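Only one structure is covered here, and it is reproduced in the block below.
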Amino acid sequence: MTYVYLDYNASTPVDQRVLDAMLPFHCQFYGNPSSISLMGRQARAGIDQARQQVAALVSVHPSQVLFTSGGTEANNLAIKGAAMAQGLKRVAWSAVEHPSILRQSAMLSRLGTQCSEIPVDSTGRVNQGEFKRYLESVKPQLVSVMTANNETGVIQDIAELTALKRDVIFHTDAVQAAGKIQLKFEAMGVDLMTLSSHKIYGPKGVGALIFNKSIDLEPLINGGGHEGGLRAGTENVAGIVGFGAAAELAKAELQDRQDKLSALRKSLEDGIKKIPGVHLFAQEVPRLANTCYFGIEGIEGEAMVLRLDQQGFGITSGSACSSKSGKPSNTLLKMGVEESLAATAIRVSVGKETKKQDIDEFIAELTQQAGQFHSIILGN
Amino acid sequence: MTLKLPIYLDYSATTPVDPRVAAKMVQYLTQDQTFGNPASRSHAFGWEADEAVKLARQQVADLINADPREIVWTSGATESDNLAIKGAAHFYQKKGKHIVTVKTEHKAVLDTCRQLEREGFEVTYLDPEPSGLLDLSKFEAALRDDTIVVSVMHVNNEIGVIQDIKAIGDITRKRGIIFHVDAAQSAGKVAIDTQDLNVDLMSFSAHKIYGPKGMGALYVRRKPRVRLEAQMHGGGHERGLRSGTLATHQIVGMGEAFRLAKEEMATDNERIRMLRDRLYEGLQDIEEIYVNGDLEHRTAGNLNISFNFVEGESLIMALKDIAVSSGSACTSASLEPSYVLRALGRSDELAHSSIRFTIGRFTTEEEIDYTIKLIRGKIDKLRELSPLWEMYKEGVDLSKIQWAAH
């Protein structure tokens with residue numbers, strides 16, 4: 001059975017060109033980048049180049065790029081690092097953030113930082129007017145709002161929010177947005193931004209925190225002066241080099257990828273809409289071109305996803321990180337979706353390797369499975 | 001056969017990825033391979049990746065005779081050290097706020113302890129003996145009723161000396177103190193049996209034993225159970241102890257590296273020891289050289305020598321055909337003399353003129369012979385240029401000279 005992967009928001013395969021860039025750094029340029037010897041300098045040069053490539057993706061100076069072990073670490077460093085360095089009393093984030101933001105609250109509370117959630121509207125976005133009132137009433141010193149949501153793909157107009165802030169540190173988790181829409185750090189008006197390599201056809205285990213250098217951060221990992229003293233540990237040279245190569249490709253191919261993904265999703269959604277009882281989430285607002293989030297009335301998302309796996313299609317019923325939990329999507333609940341409908345949610349996320357034929361086969365299978373489920377439910 | 005220059009004698013700084021390891025890693029990256037997110041529970045792409053992670057966890061556990069459930073993946077030994085020490089200190093702080101460690105620990109341990117001091121913990125930094133080893137009675141005397149964590153490295157990164165972890169663990173276990181061991185430099189070089197050692201937490205690195213950089217693990221004992229406060233929050237990976245998408249290829253690489261280490265450690269060590277002894281024999285009759293650290297209780301591949309009357313930096317420059325370290329790689333960009341050698345009681349001058357040779361799996365006899373010849377020649381030349389050497393040869397006692405400012 002050939003297997004069709006339609007879960008690009010969970011992780012992407014590494015682009016062959018990215019792998020080609022990484023390979024020499026395993027067995028050939030293997031020096032420790034902290035070493036002043038020739039071999040150390042070769043490794044260092046690989047990191048320097050990658051820093052430029054990642055910087056270019058979001059239009060910042062390379063010195064504003066701090067490499068981490070992934071998006072989760074970057075999100076932790078952004079919030080905890082700033083809260084600890086500056087003794088912040090109040091931080092706030094949108095109600096639909098990734099768990100790597102949401103689950104920092106317990107530790108932050110112990111450190112004396114109050115955490116609160118900014119509500120989202122029924123489209124999954126933080127409303128500008130609401131945000132203004134929120135800033136005035138709660139007075140958070142740091143705010144985190146993601147650029148695009150991992151489940152719904154909904155894109156938040158970050159610049160619209162940052163335009164309202166005064167003396168507030170603004171962080172955005174751009175893990176899902178990077179490589180799918182254009183990101184300009186300055187124009188977005190943010191102070192901190194999280195990126196991940198394995199969502200843009202780079203290797204897992206690498207990410208970056210893009211930072212405004214006027215923001216004080218406290219390292220979460222101590223020991224040695226790596227990454228300007230902000231993140232200790234021997235650098236994952238091959239991984240960083242791969243991330244750099246992936247970032248360069250993402251920038252160069254952005255338009256092509258967008259065009260391709262939009263076309264794929266259009267045929268996907270055209271097909272899905274024909275299924276009785278289907279509900280597409282957040283389709284009326286700007287979304288990432290690759291993400292389709294929907295539910296079919298009466299059919300539990302988890303059950304459908306497992307059935308489709310047996311038929312050779314890899315999709316998910318929630319975000320991969322929490323798909324163990326068995327609870328309906330937090331994002332949908334926070335958007336005010338009924339629990340029964342939220343439980344039907346299925347996410348299909350296409351990528352640059354997806355083919356039109358994959359979509360056609362998927363729709364055919366989904367339609368058939370939905371029919372079978374419905375006939376069981378209706379008892380005929 | 002012509003030698004490929006530079007000759008790599010810096011295996012304690014990092015190692016090349018073994019080609020067999022690299023070959024395994026590339027099966028978990030691209031589209032036609034197992035690239036899924038191991039946390040994806042809803043499809044075969046995720047399950048296959050998860051299977052690979054499971055196998056690697058077993059391989060790492062096997063090398064140290066642990067249960068796979070005792071292995072927590074991290075981004076490297078530095079993160080493991082941070083998670084172990086901060087995690088245990090935060091979790092057990094109601095029992096006390098005192099930590100004991102040693103001055104010759106890796107920066108990852110020392111800087112973590114400094115951070116905890118800023119948070120209100122009290123840390124005792126023990127002096128090792130001139131051999132680099134701990135005096136156990138002095139160690140025991142440093143323990144207090146409010147001591148909650150002890151951190152002592154297994155093998156020192158600069159001088160390769162092996163601490164008596166078993167004896168230390170027996171002391172800490174009796175007193176109910178959490179014992180953390182940084183084993184980044186010992187895994188694959190010294191046998192580790194967690195069933196036999198009373199170690200509670202142990203940090204490992206992949207890139208010191210022919211695995212990839214950016215990958216590590218923390219051993220967390222289950223019986224008796226050791227608790228930690230997580231430092232990285234998110235999707236709840238690694239039983240909630242360390243969130244973040246698992247880097248399948250990196251984990252597979254670490255697993256394979258540990259498997260190879262288990263299989264080949266004995267033969268590797270024998271060959272490496274032979275090469276190290278050959279290197280030492282080739283250098284030992286040079287006048288005024290000092291071996292740093294105990295030669296008996298030491299890993300097979302490490303030789304750390306101070307060349308008196310030779311300036312460290314010029315020595316490194318002169319030796320550019322061989323990749324070696326002066327001080328540890330992590331601090332070699334700074335010009336401070338090695339704090340490890342200073343802690344052994346070496347003078348600034350001797351610490352400055354030290355070279356760490358570390359031999360590994362791919363070192364050859366020819367490379368060692370070339371190195372011996374090169375060093376002998378360069379030391380002679382550098383000393384010819386040194387007025388201090390001239391004075392020493394004339395019998396002047398340099399320690400008695402009062403240098404005047406001018």
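Every read-out reported here was derived from the displayed coordinates using simple, explicitly stated rules and does not represent laboratory data. No experiment lies behind these values; they were computed from the predicted model shown. Here Cβ is always computed from backbone atoms with ideal geometry, including for glycine, and neighbour counts include all displayed protein chains.
Quick notes
- Shielding by other protein chains, A:36-47, mean Cβ within 10 Å: 4
- Peptide-level mean, for A:192-204, of C-beta atoms on other protein chains within 10 Å: 3
- Across the options A:VAL278, A:SER144, B:HIS154, the greatest Cα extent toward the positive end of the charge dipole of the protein assembly as shown (unit charges at beta carbon of Lys, Arg, Asp, Glu) belongs to A:VAL278.
- Remark: chain B carries a charge dipole of roughly 1420 debye about the Cα centre, counting +1 on each Lys and Arg Cβ and -1 on each Asp and Glu Cβ.
- Our summary gives chain B a relative contact order of 22 percent, counting only alpha carbon pairs under 8 angstrom and 6 or more residues apart.
- For the pair B:MET274 and B:ASP380, a Förster radius of 30 Å applied to the C-beta separation gives a FRET efficiency near 0.65, rounded to the nearest 0.05.
- Amide H contacts for A:ILE346 (H built 1.01 Å from N in the peptide plane; partners 5 or more residues away or on another chain; cut-off under 5 Å): A:PHE294, A:GLY295.
- Within segment B:217-278, the trypsin sites (Lys or Arg not before Pro) that combine a DSSP coil assignment with at most 16 other C-beta atoms in a 10 angstrom radius are B:ARG222, B:ARG225, B:ARG227.
- Pairs exceeding 27 Å between alpha-carbon atoms, taken from A:LYS251/B:LYS4; B:LYS95/B:LYS174; A:LYS184/B:LYS107; A:LYS251/A:LYS274: A:LYS251/B:LYS4; A:LYS184/B:LYS107; A:LYS251/A:LYS274.
- Projecting the Cα atoms of B:LEU260, B:ALA84, B:ILE171 onto the dipole axis of chain B, where Lys and Arg carry +1 and Asp and Glu carry -1 at the beta carbon, places B:ALA84 farthest toward the positive end.
- Under a 5 Å amide H cut-off, with hydrogens placed 1.01 Å from N, A:VAL154 pairs with A:ASN149, A:LEU288 among residues at least 5 apart or on other chains.
- Acute angle (nearest 10 degrees) that the helix A:237-252 long axis makes with the longest principal axis of chain A, alpha-carbon atoms: 60
- Taking packing as the residue-averaged number of other Cβ atoms within 10 angstrom, the listed peptides B:151-163, A:226-238 run from highest to lowest as B:151-163, A:226-238.
- The 3J(HN,Hα) values that the Karplus relation (6.51, -1.76, 1.60; θ = phi - 60°) gives for segment B:341-346 are, in residue order, 5, 4, 5, 7, x, 6 Hz. Gly and Pro appear as x.
- Mean Cα-pair separation over length for segment A:136-262, i.e. relative contact order, pairs under 8 Å, 6 or more apart, %: 20
- Counting other Cβ atoms within 10 Å as a rough exposure proxy, the listed residues A:ARG17, A:ARG347 run A:ARG17, A:ARG347 from fewest neighbours to most.
- Residues in segment B:177-183 carry Karplus couplings, in order, of 9, 5, 10, 9, 10, 7, 10 Hz; the curve used is 6.51 cos²θ - 1.76 cosθ + 1.60 with θ = phi - 60°, and Gly or Pro positions show x.
- Part-to-part distance (alpha-carbon centres) for segment B:245-287 and segment A:205-260, which is given in Å: 31
- The HN-Hα couplings worked out from phi for segment B:3-10 by the Karplus form 6.51 cos²θ - 1.76 cosθ + 1.60 (θ = phi - 60°) are 7, 8, 9, x, 7, 8, 10, 9 Hz, whole numbers, x standing for Gly and Pro.
- Over all Cα atoms in the protein assembly as shown, the spread is summed up by Rg and Dmax: 27.9, 108 Å.
- Near A:ILE169, the amide H atoms lying under 5 Å from its own belong to A:LEU142, A:VAL143; only residues 5 or more places off or on other chains count, and H is placed 1.01 Å from N.
- For the residues of B:76-85, the average number of beta carbons from a partner chain within 10 Å of their own beta carbon is 4.
- Residues A:GLN28 and B:GLN31, FRET efficiency given R0 of 25 Å [Cβ-Cβ distance, rounded to 0.05]: 0.55
- Within the same chain, lysines fewer than 8 places from A:LYS132 are excluded, and of the rest, those with a Cα less than 21 Å from its Cα are A:LYS89, A:LYS165, A:LYS334.
- Rounded, prolate or oblate (a/c below 1.5 giving rounded, otherwise prolate when a/b exceeds b/c) for chain B by Cα gyration tensor: oblate
- Cβ-placed point charges (K, R +1; D, E -1), dipole of segment B:189-300 about Cα centre in debye, nearest 20: 900
- Point-to-point label distance, A:SER375-B:ASP135, nm (Cα→Cβ direction, 7 Å offset): 8.6
- Extending 7 Å from Cα along the Cβ direction at B:VAL396 and again at A:LYS356 yields two label points whose distance is 8.7 nm.
- Applying a DSSP loop filter and a limit of 10 other Cβ atoms within 10 Å to the chymotrypsin sites (Phe, Trp or Tyr not before Pro) in segment A:203-311 leaves nothing.
- The GluC sites (Glu not before Pro) of segment B:363-406 meeting both criteria, a DSSP state outside H, G, I, E and B (loop) and at most 12 other C-beta atoms within 10 angstrom of the site's C-beta, are B:GLU394.
- Taking 15 Å as the cut-off, the amide N atoms of segment B:176-208 that come nearer than this to a point 7 Å along the Cα-to-beta-carbon line of B:ASP164 belong to B:198.
- Applying 1/(1 + (r/R0)^6) with R0 = 25 Å to the Cβ-Cβ distance of B:GLU336 and A:ALA45 gives a FRET efficiency near 0.50.
- Most positive-pole-ward Cα, A:ASN76, A:LEU108, A:GLN52, against dipole of segment A:1-110 from beta carbon charges: A:LEU108
- Neighbour net charge for A:ARG125 - beta-carbon separation under 12 angstrom, K R +1, D E -1: -3
- The antiparallel fraction among DSSP beta bridges confined to chain A stands at about 55%.
- Residue exposure proxy: A:ILE377, A:ILE101, ordered by other Cβ atoms within 10 angstrom of their Cβ from fewest to most, comes out as A:ILE377, A:ILE101.
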